[in-house]
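Taking it in order: structure first as structure tokens, then the write-up.
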Amino acid sequence: MPLWSDPAPCDDDEQRYECTECGTRICSETTPTTCEKCGAEMRNISVPRPE
């Protein structure tokens, strides 16, 4: 299970993204494609997902 820590609260124009491998979380106005720490895919966790 990845270890993570949340960044400071995101601004209104930012969304929260999480690395699918290492669990790094960032806030960004643009859509990051890869994690700066490990190079894995980032996913948007600001929007609810269907179960």
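Values quoted throughout were computed directly from the atomic coordinates according to the rules given, and no laboratory measurement underlies them. For clarity, every value in this text was computed on a predicted model and none was experimentally measured. Cβ sites come from the backbone with ideal geometry, for glycine too, and all protein chains shown count toward neighbours.
With a cut-off of 10 Å between beta carbons, the residues surrounding Thr24 carry a summed charge of -1, where Lys and Arg count +1 and Asp and Glu -1.
With each label modelled as a point 7 angstrom along the Cα→C-beta vector, the Glu41-Glu14 pair spans 2.5 nm.
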